[in-house]
1. Given the structure, is residue 7 within 25 Å of residue 138 (Cβ to Cβ), surrounded by 14 or more Cβ atoms within 10 Å (Cβ to Cβ) and modelled with pLDDT under 95?
2. Take segment 34-57 and flag every residue that is over 25 Å from residue 95 (Cβ atoms) and in contact with a helix residue (DSSP H, G or I) (Cβ under 6 Å, 6 or more places away or on another chain).
């Protein structure tokens, strides 16, 4: 295992830890609500509610996970050890962490919100990773 691939493994591990933290925060936040029903969020909740924001943070990460996880796993399979790829993985993970923190901290329905910029940074990073995997497939 190269130092570069170890860096990517650590980034992927950090992403999985972040996902676990989001799940725990969303679950505990919801469970603390009076009359909480498992699997059901009150429809009147919106961005002013931390429970809503924690739930949406976790759901947004889940919605974006298949592309990221699939790209990473394909890169691992292809033994892609590009420095650019490693940087993109870390940029994606850091952008998702900042997105999470901003979603927890800022109750706004304004669009774009500050978290939107980090969502876009993560998206561009993921698209770049996917392109790098495609190039690796061709060569």
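The values are calculated or read from the model by the stated rules, or taken from the named source; none is laboratory data. Being a predicted model, the structure only gives us computed values, none of them experimental. Please note: Cβ atoms are built from the backbone with ideal geometry, for glycine as well, and neighbour counts cover all protein chains shown.
1. no
2. 36, 41, 45
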